[in-house]
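The values are calculated or read from the model by the stated rules, or taken from the named source; none is laboratory data. Owing to the predicted nature of the structure, the values given are computational and were not obtained by experimental measurement. Don't worry about glycine lacking a Cβ; one is built from the backbone with ideal geometry, like all the others, and counts go over all protein chains shown. Just so you know, the surface numbers come from the protein's heavy atoms only, side chains and all, with ligands and any DNA or RNA stripped out. Shrake-Rupley method; radii C 1.70, N 1.55, O 1.52, S 1.80 Å.
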Amino acid sequence: MPFKPVSSKTNFPELERDILRWWKETDAFNKLRKLRAGGKTWSFVDGPITANNPMGVHHAWGRTYKDIFQRYRAMQGFDERWQNGFDCQGLWVEVNVEKDLGFKSKRDIEAYGLAPFVVLCKQRVLNYSAVQTEQSVRLGYWMDWNDTNTLRMLSEKLGENPNQMLTVQGPQGPVTGTVEQIVGQLGLPQLGGSYYTFSDENNYQIWGFIKKCADNGWLYKGTDVMPWCARCGTGVSEHEISTEDYPDLTHTSITARFPLRGRANEYLLVWTTTPWTLTSNVAVAVGPELTYVKVKQGDDVYYLSEGTVKMLKGAYEILGRLKGAEMEGWTYNGPFDELPAQQTVGGYAPAELRNHIGNAQTSAVQAHRVILWKDVGDAEGTGLVHIAPGCGAEDFHLGKEFGLPVVAPIDENGTFIENFSAFSGMSAFEVAPKVIESLTQKNYLYRADDYSHRYPTCWRCKTELLFRLVDEWFISMGETYDKPRAQLKQAEKARSLRYQIMDVVDQIKWVPQFGYDREMDWLRLMHDWMISKKRYWGLALPIWECVECGHFNVIGSRDELQARAVEGWNKFDGHTPHRPFIDEVKIKCEKCGGKVTRIKDVGNPWLDAGIVTMSTMGYRTDRAYWEKWYPADFITESFPGQFRNWFYSVLAMGTAVTGQPPFKALMGYGTLFAEDGRPMHKSLGNAIEFNEAADNIGADVMRWMFARTRYETNMLFGYHVADETRRMFLLPLWNVYSFFVTYANLDKWTPDRRPPTADRNQLDRWILARLQSLIAEMTPLLDGYDSPSAARAVEPFIDDLSNWYLRRSRRRFWKSEDDGDKQAAYATLYEVLVTLTKLLAPFIPFVAEAMYQNLVRSVDANAPESVHHTNWPSVDEAKFDKQLLADMAIARSVVNLGHSIRAAKAIKVRQPLGRAIVVADAAQRESLTHLRDLAADELNVHAVEYAAREEELVSYQLRPNFATLNEKVKVLVPEPETDDKQIKKDAREKRKAVMGGLTTALNAADASQVAATVRAGSSFTLDVNGLAIEIAPADVLVTPQPKPGFAVASEGTLVVALDTNLTAELVAEGLAREFVRRVQDLRKSANYDIADHIRVFYTATPKLASAIETWREYISGETLADEMQASAAPAGAASVEDGFDGEKLTVALVKK
RNA sequence: AGCCCGCUAGCUCAACGGUUAGAGCGCCGCUCUUAUAAGGCGUCGGUUCCGGGUUCGAAUCCCGGGCGGGCUACCA
């Protein structure tokens, strides 16, 4: 047996585990790398996955694309880097470690100790990178994976003692160092494997980038009021907050009344949704152009904007109107003037921020007044805006503009600092009731209501953000110029990184196209990049800020740091550049010579991910290697968030450092949802874990689902879709393969028996032509990163192969004589299947490998060892017979029409008919001529003929082709060049009459005659409302209409009729086929092998018995019956009784 | 709040301003089959989101509105 038997029922997940084992045993991946080494390069850069949790099915989506395109390029002979990446540093890891330890705040971390805390962060990353590595391998994702035992060993030893010495084997030899040092080198050339963004190289490379920014004058320390997470104790930059982080939340909104100084019983009505900020009120803003009203309620007089009077409680009387500008400078008593902080001259803030609140000469209490602000609206509230420069971003900027003091009430935990009396020590989240109570007591409260609005939350821990005064580090994105980009001068661009990135973005292919617009949108609007985080685990920002002179020293490399170190180098040396050890190093200030300490902040994690196109390709260490692989040819990641995150940081850093695009093409994909259209959530019960999906669905089915989905839209993932995918795609493919192996083994067919293509029949040449068209279609699609279109091209091919080629060819494989035709059938099906394994290898690597091993390797030891080592198929023009493809399309239409007539007339296919009559144009006749026998057989008719007198079968319907006639009518009835309504109306009427007249005139014409004229390619003249219009063949649509009462069906210009006259001979033939059918059913239900010969016993009513006698030879041939007797069966025979067409039958079989 | 995309059969989606708005899936009926939980044929299924307009002619173009998704901004 040349091939290993293949069951039509197979367990795909089990098959995949077998293949995984075999890939490992044969080292298939590394052999591929060696095969392609030195070839032309194709550079893929992996966007790092956060190694913080097991990977989900949504990760498998993107990783499927990454694998598809890397495998595809490898099959085209390209050399690749095959490096996966893990994102390691940052708050997401810290938060999980805190959770594991049960920590509540940053103080807990400091008490625990930074050094052991950082070790735990590293360990978590190592452990989950091992988990994700194993899951990726299970997906069939080929990369230069680390040995996961080594990763877990490193994690364990790091936990024991990071300073113990260790030697591990690298690709270029053994590497020795402390465990901490070894871990710091993961992914670098000496150790290989996935890159880790916590590696020394990655960190020092970012130092170089930040130094470059500082040299360009782009790095600055800024004071601002920014969103702050009180739980994490750090500022949150706008890069990090996305639309989903603004849920609808309900807070208490307060309308307070501020008594005007010098106007007895008159009050400003001021509205806020953040009660805690009232403690820090400094001013009230009004819109200068807005209209305000002075209203009276009881003894009190209020000011508010005219558009908001509906918020007043109860009856009121309008005393007057005024513009906001008229209120400028009015002074008032603030709601919390009794607080010492309010009374402090120059404002008030936490100690570490005192230097950052400016130098106002008054206290908040003294400063209380009405200021003008053009952005004040009156859609809600009162049209008078409470201004607290220490608690709001806009407020802060207004404060600067107007020289107002700043009152900043909370510390990094969101707790009120001292000098806020009873509020001191309270959390900003819990003071609202106390604020209301105090206002009520002082008679300042006008109303308090529940108010629902969108409010920002922390993207990591979902805590509500507070607006807080901070000092953070920024990279300036440069000015936004108020003119089109094309008009910018070179010098203007040189000053603005923003525009330099835009120029780079222009050079990149964005798939889908709208990605370009979104990135541009972000670049146009983005603010400066806040790169600092007041946390512990992450990039140590290389900024040493001098407390003496205020100068900040930026260090660009480890060597530079060593050269400038004046203290603590020995405590740091031998460690990775992380806290706490890096903080030991003090340097000499380059300006004043003072001893300087590093700022405490760590870096934004998108710095870590953004630098990888340089750090992983040896930008600093091996420039030749970097030149070879930079820029990347391709990256692909999920859209949400990445325009402001990874795409952005890679672009920004690539542009700043090299001025070149960091990648040439980007493919983005959407968001994965559960089958019910909702996000996957454990609590909703619709989540599917990756491991569970791999076990139940199998990786190949999952991959095909990902490959064929429209990447630019969201995807619905679930077991029903998966099941349908297996049923509609993978099973038919597998069954064709199983069919081939079963019969090829029976016939002991081997691939060396291949008749020349020219000697094969039409069906063979057709499926081979179809195969060429598939290759021709898929290749450019994959070149353009269009995975769904490429995958969707395969599906109809599988259908053609299974339900047309194979169904029509089956008999050729069964027949007993081993002739050239049978060889042709085997050779053809074999070629198609082997080519398919290659075309499908990037998509479904397991099934493709299983088929390839059995079909190719089992018979040819010289063939490439794995399907993934083979070359991508190219089109064989000699086999690409386009005429044959067109011919078959016509033949299949004829067959479809014939089947449809049979159904309509209730004549089953098993009943042979005399002839099918076809009405067709010349080209269709030409096509059909070659395939008449095939059509006749499929339709079960004795002959396919062409109609002698078409008029007997069809009448013709004529319709004008408006698409072409439109132009002619425009010339005959031109659009008048006048404004005269009457003339225009007349023209319109006339055109309408002509257009309508065309239909009328054609209906009146002799349809048969016009049809004949048009078919002959001649024109004729039609009189339409007195206009003589020349009608070309293209101007008229001729549709044949089957005449009622005949067995006729039509599709476009093709018409098929069936001769339904049933002669006695035809009836007998039909009965014989019914008999065969019963015997075959019986063979199957008795579990006979397809090759078993049998003896048949039967009793039948006379008409049937006579038919059986007449067709004895045919029946014997079809059923492998060596004997056929009209007698009772011997005991034990398989038998069945049945009745059909008015006849009765008992039939029994015995295996011979 | 602004912008972008979408809204067509139960579901997923087609249809250069052109004629009778089509496929696939699902349902149901019939049928074919010694590879197939398969295949073939057919029935049922439509206010093309709503309302105006332009046009001889609108699912398609324009205006207004509704719903869904996305992006961006976030404000008292």
For residue A:50, residues with placed amide H under 5 Å, excluding near neighbours: A:87
Reachable lysines from residue A:4, criterion Cα separation under 17 angstrom, eight or more residues apart if same chain: A:748
DSSP bridge pairs, chain A: antiparallel proportion in percent, nearest 5: 75
D (Stokes-Einstein, µm²/s), Kirkwood Cα radius, region A:954-1042, 0.890 mPa s at 25 °C: 176
Highest average packing first - A:1014-1023, A:38-47, Cβ atoms within 10 Å: A:38-47, A:1014-1023
For residue A:944, distant residues with modelled amide H under 5 Å away: A:916
Helical contribution to [θ] at 222 nm, DSSP H n ≥ 4, -39,500 (n - 2.57), averaged over chain A, rounded to 500: -12000 deg cm²/dmol
Rotationally averaged projected area of region A:647-770 (alpha carbon convex hull; nm²): 14.4
Net charge contributed by nearby residues that have their C-beta within less than 13 Å of residue A:192 (K/R +1, D/E -1): 0
Amide H contacts under 5 Å for residue A:468, placed H, 5+ residues apart: A:226, A:228
Length released on extending from residue A:942 to residue A:442, taking residue separation times 0.36 nm less the Cα-Cα span: 169.5 nm
20 Å-binned pair-distance histogram of chain A (Cα, whole percent): 9, 27, 27, 21, 13, 2, 0
Burial order of peptide ranges A:869-875, A:229-235, A:1093-1099 (average beta-carbon count within 10 Å, highest first): A:229-235, A:1093-1099, A:869-875
Chain A, relative contact order [Cα under 8 Å, separation at least 6], %: 11
Cα-based Kirkwood hydrodynamic radius, region A:630-692, one decimal, Å: 14.0
Estimated vicinal HN-Hα couplings, Hz - region A:792-800 in sequence order (Karplus 6.51, -1.76, 1.60; Gly, Pro = x): 5, 6, 6, 4, x, 5, 4, 5, 4
Viscosity 0.890 mPa s, temperature 25 °C, Stokes-Einstein D of region A:720-880 from Kirkwood C-alpha radius, µm²/s: 151
Compactness index (Cα Rg / 2.2 N^0.38 Å), region A:1064-1151: 0.98
Projected label distance in nm at residue A:921 and residue A:421, using a 7 Å step from Cα toward the beta-carbon: 9.4
Fully extended contour minus Cα-Cα distance, from residue A:1144 to residue A:816, at 0.36 nm per residue: 114.9 nm
Global size of region A:15-134 as Cα Rg and Dmax, reported in angstrom: 19.0, 57
Convex hull volume of region A:248-454 per residue (C-alpha atoms, cubic angstrom): 116
Distance (nanometres) between label positions extended 7 Å along Cα→Cβ at residue A:310 and residue A:1127: 10.1
Whole-Å distance, taken between Cα centres, linking region A:979-1042 and region A:90-143: 78
Contour minus Cα-Cα distance for residue A:513 and residue A:366 (0.36 nm per residue): 47.3 nm
Integer Hz, Karplus 6.51/-1.76/1.60 couplings in order for region A:521-527, x for Gly and Pro: 4, 4, 5, 4, 9, 5, 8
Highest to lowest packing among A:71-83, A:430-442, A:296-308, scored as the average C-beta count within 10 Å: A:71-83, A:296-308, A:430-442
Karplus 3J(HN,Hα) series, Hz, for region A:249-256 with 6.51 cos²θ - 1.76 cosθ + 1.60 (x for Gly, Pro): 10, 9, 10, 8, 9, 10, 10, 10
Mean accessible surface per residue for chain A, computed with a 1.4 Å probe while every protein chain stays in place, in Å²: 41
Using alpha-carbon coordinates, inclination of helix A:12-26 to the longest axis of chain A, degrees: 80
Cα centroid separation, region A:1085-1152 to region A:208-237 (Å): 89
Carbon + sulfur, % of accessible area of chain A - ligands and nucleic acids excluded, 1.4 Å: 49
